[in-house]
Every structure is written in structure tokens, then in C-alpha cells.
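The values are calculated or read from the model by the stated rules, or taken from the named source; none is laboratory data. Fair warning: this is a prediction, and the values are worked out from it, not measured in the lab. With ideal geometry, Cβ positions are generated from the backbone for all residues, glycine too; neighbour counts draw on all protein chains shown. Keep in mind that these areas ignore ligands, DNA and RNA; they rest on the heavy atoms of the full protein, side chains included. Shrake-Rupley method; radii C 1.70, N 1.55, O 1.52, S 1.80 Å.
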Amino acid sequence: MQDRFLRACRREAVDTTPVWFMRQAGRALPEYRAIREQYGFMDICYQPELCAEVTLQPVRRLGVDAAIMFADIMTPLIATGVGVDLVESIGPVVANPIRTMADVSRIRPIEPEVDVPYISKSIHLLKAELGQTPLIGFAGAPFTLAAYLVEGKGSKNFLNTKAMMYGSPNVWHALMERLADLTISYLRVKLAAGVDALQLFDSWVGCLSPHDYATFVQPYTARILKTLREETNIPLIHFGTNTTNLLPLMRNDGGSVLGADWRIPIDEAWQLIGDDKAIQGNLDPAVLLGPWEYVREQAADILRRIDGRPGHIFNLGHGIHPQTPVANLERLVAFIHEQRA
Ligand code: CP3
């Protein structure tokens, strides 16, 4: 069933559980590493043929039920001239971190035709090559983008980010306002070009208390999801990690599918999210570094907890680690598909 991913997002019955993996296009695949030997990360994003090729690699190799269009969460910021480097094994590095109101004004609105002309081309190419397999478009959520912009790179405790929130709330809110606008414009481009679902990645939002999430983040994430919902019926997937305490709030932001990570059993996460939403997750990607028997046991436990209830998309709780054995990924997809939903 080619549309089992979209059906599960809508909580409709499926023949078997759909599966895809965050970061399925990336360094775990030798064919991706071969392309990266020749081309820079952003070259791949800028050239529709290359973007389509790396997006299709995991679909061909692993037999996943959806493709996610290759890019990075920082792509729209790079496209609008905020100086960001994607450094191997480190992640995004911002040359001049955003700390003041003057810095915030450097983040300008996106002009789709000028700034990201390659996005629509890549999507058109991919839709033609994918046939019935759905294509997911994504963006970073404002908090995770802001965290990179303020810290200048990844962080453990996000202290500069929190210091801005608490100490200069006007700067913080101005920054979030601009990032929300940018994200809406960027996702509209993907929507207009024909993606079948959208995912918002708020990878680091789990460092916040529920109070701080509600005060400093939720208005912006909710504005993005609710604005898009007025314009489209496609699934809107809202993902974060470490969100056990935030899911009861996030469920109100407007996503129709919520991501859960492995820090909470998936049936408990679904209770927090509510049965009017679908759920995506939640195998610890580190489990894939273990022996196949352990992977199978843990995957079977997730399916047992779901117990055939419509509305589950199998995924990891976070992205694939580069050192993951490809054989475990291949076997995991086959195993999920062999089990009846
Ligand atoms: O899922 C997919 O297959 C699509 C590709 C994708 C990438 N980044 C490609 C990438 C997606 C969905 C992302 C999102 C992303 N980027 C997130 C949210 C998801 C998550 O994992 O939390 C975040 C936090 C980033 C920021 C970022 N960019 C990091 C932490 C890194 C990794 C650094 C490293 O080298 O380990 C990047 C760079 C990056 N983005 C790579 C890939 C394949 C690896 C670098 C490369 O190929 O040069």
C-alpha cells in the first residue's frame, strides 16, 4: 500500500505499519558519503538533481514508506544570508551569533524566487521520480533555530539562549517573530510545490520547562502550524526530543502527528498526546548500534504497545547516527512491514 504513511498520519487503517527514519539520507549510507566526497552539503541543496538523488537513496536502499526532502534546518537562514556553516561532525556554526536587537534585524524575510528557487525544482523532480511514495518537506522550529543562532553552535544547556529569554525578552520575542515568519514563507514554498506532508523539527526544545515553553516558544510554533493548517489539509508533524513534560502542551499547537522519543514508552506518550492525534516514533537510534536481535526485540515492544491502533508511524526517537550499520536499518524496515498492523 503506497499511501500507508499518509493514511496512518490521518489515523486511518493500514495494511502494515509505515516506517521512515529521520536523517535517513545521510552519512550512514555509503552512497551518500560517495556523493559528499565530490560535493559540499549546500551544493547538494542547490542542485535539484543532486538533492533528488540523495533524497531517493534511502527509499531505494531501505524501502521506507516516505521520502524526506534533503536539506538542513539551517538552509533557509543560509539562503537569506545569515552566515552559517555546516561543519562535519559538529553541525551548524554561526560566525556572528545573534545577541542584540541589531543582530535580530539581520534576519530578513525570505523571497522565495530569489532565495530558494531550487526548492520547487527539487520537489517537482522528486514528485516525478517518487511516483506514489509520499514526500515530506521540513523546517526547523523557531526555538531550535534560535538556539543555534544565539549559541553560535550546538549546546548542552543553552545558557546564552535562556539568558536572552529571561534577560532580554523583547529581543527574544523579536527573534522568534522573525523566525516564525521565515518558517511560514519557507514551508509555503514546499507546500505550493506539492509536498505530501510537512514536519517541524524542534530538536532541542526539551531543555525547557513547561512554563518557559508556553511563554517563550508555543505562541510561535502554534502560529506556524495554525497558519499552515488554514492553507492545507496535509499532515503536519510536530517533532521534538526530551518532550515528555511538553507533549501535553505541544498537542495544542496544531500538529496532526506528534513525534515522541524513547525516553517515554510510546503508549504513555500517546496518552499524553490524545487519541485525536497520530504518533510518530520512538526507537532510540542508538539501539541500532546493537545486535539485530536487540533491535528486533525493542521494535517489537513498540508495536506491542501500539497494539494495532490506527495512527502510528514507526520512526526513531531522533535521527540516525552516522555509524549505524545499514544492515540493521534494512532489516528493521523489513521486520516492521512483516508485522500486520
Ligand atoms: O532526514 C533526512 O534524511 C533529511 C536530512 C536532514 C539533515 N538535517 C541533513 C544533514 C534533516 C531532516 C536535518 C535536520 C536537522 N539538522 C536537525 C533536526 C533533526 C535532528 O537530528 O535533530 C538538526 C538539529 C540539524 C542541525 C545539524 N545539521 C546537525 C546537528 C548536523 C550534524 C553534524 C554532523 O556532521 O554530525 C547537521 C549537518 C547535517 N545535516 C548532515 C546531514 C546529512 C551531516 C553533514 C554532512 O553530510 O556534511
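Hey, among 239, 216, which residue is under 22 Å from residue 91 (Cβ atoms) and of a type in the set (A, V, I, L, M, F, W, C)? Don't jump to the end; show me each part of the working.
On the way: 216 fails: under 22 Å from residue 91 (Cβ atoms).
Residue meeting the stated conditions: 239.
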Just to be sure, is residue 270 under 26 Å from residue 299 (Cβ atoms) and in a helix (DSSP H, G or I)? yes
From the list 36, 10, 23, pick out the single residue that is touching a residue at least 60 places away in the same chain (Cβ under 8 Å), within 10 Å of the ligand (Cβ to nearest atom) and surrounded by fewer than 19 Cβ atoms within 10 Å (Cβ to Cβ). 23
Go through the range 139-165 and count every residue that is among the hydrophobic types (A, V, I, L, M, F, W, C) and in contact with a Gly (Cβ under 9 Å, 6 or more places away or on another chain). 3
Looking at this structure, is residue 303 touching a Phe, Trp or Tyr at 6+ places or on another chain (Cβ under 9 Å), within 24 Å of residue 89 (Cα to Cα) and either more than 16 Å from the ligand (Cβ to nearest atom) or free of Cβ contacts under 8 Å to residues at least 60 places away in the same chain (or both)? no
Quick check on my filter: what residues within the range 289-341 are of a type in the set (D, E, K, R) and over 22 Å from residue 59 (Cβ atoms)? 293, 296, 297, 301, 304, 305, 307, 309, 340
Inside the range 41-58, can you point out the residues that are without any contact (Cβ under 8 Å) to a residue 24 or more places away in the chain and open to solvent by less than 30 Å² (accessible area, probe 1.4 Å)? 50
Residues that are exposed (fewer than 14 other Cβ atoms within 10 Å of the Cβ) and within 16 Å of the ligand (Cβ to nearest atom), drawn from the range 306-329: 323
Provide a single number: the residues in the range 135-158 that are away from the ligand (no atom under 14 Å from the Cβ) and crowded, with 23+ Cβ neighbours inside 10 Å. 1
For the range 165-180, state whether one or more residues are surrounded by fewer than 22 Cβ atoms within 10 Å (Cβ to Cβ), hydroxyl-bearing (Ser, Thr, Tyr) and out of contact with any Lys or Arg (no Cβ under 7 Å at 6 or more places or on another chain). yes
Before we move on, is residue 47 closer than 24 Å to residue 113 by Cα and of a type outside the set (Asp, Glu)? yes
Name the residue that is nearest to the ligand (Cβ to nearest atom), counting only residues in the range 204-214 that are in contact with a helix residue (DSSP H, G or I) (Cβ under 9 Å, 6 or more places away or on another chain) and over 23 Å from residue 311 (Cβ atoms). 204
With criteria (1) within 16 Å of the ligand (Cβ to nearest atom); (2) over 20 Å from the mean Cα position of the chain (by Cα); (3) closer than 30 Å to residue 135 by Cα, residue 161 comes up short on (3)
Looking only at the range 215-240, and only at residues there that are more than 21 Å from residue 276 (Cα to Cα) and open to solvent by less than 40 Å² (accessible area, probe 1.4 Å), the one that is nearest to the ligand (Cβ to nearest atom): 217
Out of 114, 93, 87, which single residue is within 16 Å of the ligand (Cβ to nearest atom), open to solvent by 10 Å² or more (accessible area, probe 1.4 Å) and modelled with pLDDT under 95? 87
Mind listing whichever residues of the range 21-42 are under 18 Å from residue 118 (Cα atoms) and touching a Leu at 6+ places or on another chain (Cβ under 7 Å)? 39, 41
Filter the range 62-83 down to the residues that are away from the ligand (no atom under 11 Å from the Cβ) and in a loop (DSSP other than H, G, I, E, B), then identify the one that is most open to solvent (accessible area, probe 1.4 Å). 81
In the range 12-56, how many residues are more than 20 Å from the chain's Cα centre (by Cα), over 16 Å from residue 72 (Cβ atoms) and charged (D, E, K, R)? 6
